[in-house]
Amino acid sequence: MNTAPATIRLLRPSTMLTRNHVAAIVSYRRPYASSAAAVHNSQQKPDWNRAVSEAEKIVGYPTSFLSLRWLLSDEIANVALHLRKLVGSNHPLLKTAKGLLYNGRNNMQAWGLIVLLISKAAGHLNVDEMEEDKAAGVLHSQRALAEVTEMIRTSHLVHNGLVNIYPGLYPEPVILNDMAFGNKIALLSGDYLLSNSCAELASLRNQDLVHLISSALRDLSEAEFVGRRDSQNNPLPSPFEPLNRHFNSKLPLDPLESLDSLGSMPLTPALQDWTRRNVLSAGSLLGKSCQGTLALAGHGVELQKQGFLFGKHLSLAWQAYLDLEPFMSGSPYSLGISFNLTSAPVMFHLEHDPSLFEEIDKGVNSVKDVDYAKIHGIVMKGPGITYTKQLQKEHSQKAMEVLEVFEESDARTALSNIIVAMGGE
Amino acid sequence: MASRITSGARLCVRASIDKLVCNLSRSRHHSTVAANDMAVGPRSDRLQCYQKQLNRIRSDHQRNHCRRFTTLQDTDTDSLSSIDPYRLLDDDLRDVYTDIRQELELNTNQDELRTIATYYFDGQGKALRPMVAILMAHAINYHMNNNGLDKKQREVAMIAEMIHSASLIHDDVIDQSDFRRGKPSVNALWSHKKVAMAGDYILAVTSMMIARLNHNDVTITLSQIITDLVQGEFMQLGSKETENERFAHYLTKTYRKTASLIANSVKAEAMLAGADDKLVDVTFEYGRNIGLAFQLVDDLLDFVSSKDAMGKPTAADLKLGLATAPVLFACEKYPELNAMIMRRFQEPGDAERAFELVHKSQGLEQTRFLAKKHCLEATRLAGKIAESPYQKSLLVVPDLIVNRMK
């Protein structure tokens, strides 16, 4: 689940949006250079916004511009109009939309930015001058790929925001109607982004890239089928599968390469489980996008592989950071706010003490039936948090190691700043 | 491969191509048998090929009905109508669903995803899209003096069916329908979120197959289908104020939701065959016209067919708030329909009243007339392709579409 850290919401009515109905829903977050936003921002992560806004300057312009084009299309304007009808209902699509627009930097836009930064850090070989965006030091095709990455990720979040409607869930016809309508809009909006990504990818005229990025989309959709699910498809930890070092995958191209250990962390069933889930739901897309952008720049297979590893480790470090958040000191989660039951601290704790499954299993129908305050308390006292911190550190380090293959540059520095700001070492 | 031969080199290899022509209607599975036929001269080979076709037509006469289409008319009087494209393409089409299922099963380790993603590939569908695509591929190959069906061309047929199914799966969630093709629809059996993801999964696997065709322009052409489908779905959300606008809106929507898939997949087949732009345009226009005709007939059948024949409830469009051609035509005679269209038939009794008015008006006849017009145009376009059993089948497809009962 996407529990992005709370940033201050800048409800600045945008001057750039000409369509009133879009503006009505979408108070666009950052009109121009984003340094102003960095200064005010959140107490708990002082460096994150600065790291991101510095990085944005390096690759030309705020990456939020990437999404501006599709935000202003007829179809999305249409969606905005329909979203209005849903205001007042509690369809999760509204929450998804809000999250995307207000916290964009933390989930969606940061991904495109990272793709652009690694593009610039790696430079490009023998590429047509017409193709280059000289000021930014990246190719137009790389910028397009960054946009595709963001669109695919967004579409996945939006599709994930559907409600499972089943007989008896909404006895009130008015509410049932609202929910069905919300699902329709969510499905169509996600499809719109997907179809746009297909067209954009096709226009790059590089079939290896189309194949690579499509396989990342495949992995994202597969992720939603892993393990036990409640009636709203929220994940619950399943009993851990035994270690399988030679993972017998039937997939022709599997991002789930077997791992022996992670730095000083031994491979355990819980780590294996967590890694599989998160490689499918995040690591694959960011890894393959980083790999793809290096391919576009004409780099060889070896460097492309490094790109994949960078994206994969960075997204896993980021996920570990998000998983930790509910367990940071002073977090309101101790009061019983729900959090992801398959997050690393919970998974590690379950491995340490499977008796926690007893509480978790109360959520088989709905994760809401679980006593979160209780689980929070138990996990806080166990070893899960320490393991998760180590997990984040190891993945951050792995990502840092990959950066060393690139020459010193402002883009490389920006990437390492982002890793540091994320809380890594 | 023969499909790669350029026009300059064509004369030199003409003879050897002719030797291979007898394989035209055979699939790769049977290609080993062809060794004997190689010894015979080119001319007699071509004759043999037609002879084979004739035998097929004769055996058709002995059968009571076509396998998948039931036609309204007695077809024995017209020699063309007795051609059954499905029979002609039996070898090429037989394993299409099996191969699609295999592709979808190989790409995931999750059993439930496999089950949902392959649910509609049970071989019970009409397979209209793969049939038309392969038919066009053969016809253009013949026109270009190429032989047989390229493996990639067969994949385009699979891709067309897969894109279609991915969109059906998402439509099921959007329309909340309980039945499709005579069985429970996916959204009735699995959770909506998983169904949505399964649709995305099919799209992803399809895109990977498209990439493996390794042809930049074909990828762009096939991606256009996906863009059109989604834009068509968006158009369905809104309705237009004036009658004129409304019909244009309906036709554009119909092109995007149905015809684009057929038009662009046959276009991709022609591109893979190495056809020139002019010929590629002919194939595209052919596909566009039969696609429009197909949907017009579909919209018509929604008013006349029984539930049993369609495998889904009738007048479903009205219940979804959609005004299709029969209603739009009926508006001319019964202007009271305009208000109902604008409120998407949502007031009690609207759907029933509209249904009745459509039947009282000329709406159904006019819809059929328009469908026939598109079919005539398709037939005219198919006439530009060199004569072959496949091209003849292309002439038959429009009749199958207009005369179908389900």
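The values are calculated or read from the model by the stated rules, or taken from the named source; none is laboratory data. Bear in mind that the values here come from a model prediction, so they are computed numbers and not experimental data. Cβ atoms come from the backbone with ideal geometry, glycine included; neighbour counts cover every protein chain shown. In case anyone asks, the SASA skips ligands and DNA or RNA and just uses the protein heavy atoms, side chains included. Shrake-Rupley method; radii C 1.70, N 1.55, O 1.52, S 1.80 Å.
Worth pointing out:
- Within segment B:211-225, the residues that satisfy the criterion of being more than 7 Å from chain A (Cβ to nearest Cβ) and either without any contact (Cβ under 8 Å) to a residue 12 or more places away in the chain or of a type in the set (A, V, I, L, M, F, W, C) (or both) are B:213, B:218, B:222, B:225.
- Of the helices (runs of 4 or more DSSP H) that lie entirely inside segment A:327-393, those containing 3 or more residues that are open to solvent by 40 Å² or more (accessible area, probe 1.4 Å) span A:372-381.
- Per-region count, segment B:170-183, residues surrounded by fewer than 23 Cβ atoms within 10 Å (Cβ to Cβ) and either touching a His at 6+ places or on another chain (Cβ under 8 Å) or of a type in the set (S, T, N, Q) (or both): 2
- Qualifying residues in segment B:226-246 (those that are of a type outside the set (S, T, N, Q) and touching a Cys at 6+ places or on another chain (Cβ under 9 Å)) - the one nearest to the other protein chains (Cβ to nearest Cβ): B:226
- Odd one out for residue B:345, checked against (1) at positive phi; (2) surrounded by fewer than 23 Cβ atoms within 10 Å (Cβ to Cβ): (2)
- Top-ranked residue of segment A:138-171 - restricted to ones that are open to solvent by 20 Å² or more (accessible area, probe 1.4 Å) and of a type in the set (Ser, Thr, Tyr), ranked as farthest from the chain's Cα centre (by Cα): A:170
- Only one of B:256, B:212 that is within 28 Å of residue A:184 (Cα to Cα), at pLDDT 95 or above, open to solvent by 40 Å² or more (accessible area, probe 1.4 Å) and basic (Lys, Arg): B:256
- Filtered by the rule that a residue be among the acidic types (Asp, Glu) and at pLDDT 95 or above, segment B:158-180 gives a lone residue, B:161.
- Checking each residue in segment B:245-300 for being within 14 Å of the chain's Cα centre (by Cα) and of a type in the set (Lys, Arg) picks out B:256, B:257, B:267, B:288.
- Residues of segment A:188-209 that are touching a Ser or Thr at 6+ places or on another chain (Cβ under 6 Å), at the interface with chain B (Cβ under 7 Å from one of its Cβ atoms) and buried (at least 19 other Cβ atoms within 10 Å of the Cβ): A:194, A:195, A:198, A:202.
- Under the condition of being polar (S, T, N, Q), within 12 Å of another protein chain (Cβ to nearest Cβ) and touching a His at 6+ places or on another chain (Cβ under 9 Å), the residues counted in segment A:133-177 number 1.
- Which listed residue, of B:177, B:265, is over 30 Å from residue A:285 (Cα atoms), touching a residue at least 60 places away in the same chain (Cβ under 8 Å), more than 10 Å from chain A (Cβ to nearest Cβ) and not in a strand (DSSP E or B): B:177
- Residue within segment B:306-315 that is over 23 Å from residue B:229 (Cα atoms), surrounded by fewer than 18 Cβ atoms within 10 Å (Cβ to Cβ) and of a type in the set (A, V, I, L, M) present: yes
- Residues (open to solvent by 10 Å² or more (accessible area, probe 1.4 Å) and in contact with an Asp or Glu (Cβ under 9 Å, 6 or more places away or on another chain)) located in segment B:390-399: B:399
- Test: residue in segment B:147-169 that is assigned to a helix (DSSP H, G or I), at the interface with chain A (Cβ under 7 Å from one of its Cβ atoms) and open to solvent by 10 Å² or more (accessible area, probe 1.4 Å): no
- Of residues in segment A:252-275 being under 23 Å from the mean Cα position of the chain (by Cα) and in a loop (DSSP other than H, G, I, E, B), the one modelled with the highest pLDDT: A:259
- Of the residues making up segment B:100-114, just one is surrounded by fewer than 15 Cβ atoms within 10 Å (Cβ to Cβ) and either closer than 30 Å to residue B:388 by Cβ or of a type in the set (S, T, N, Q) (or both), namely B:102.
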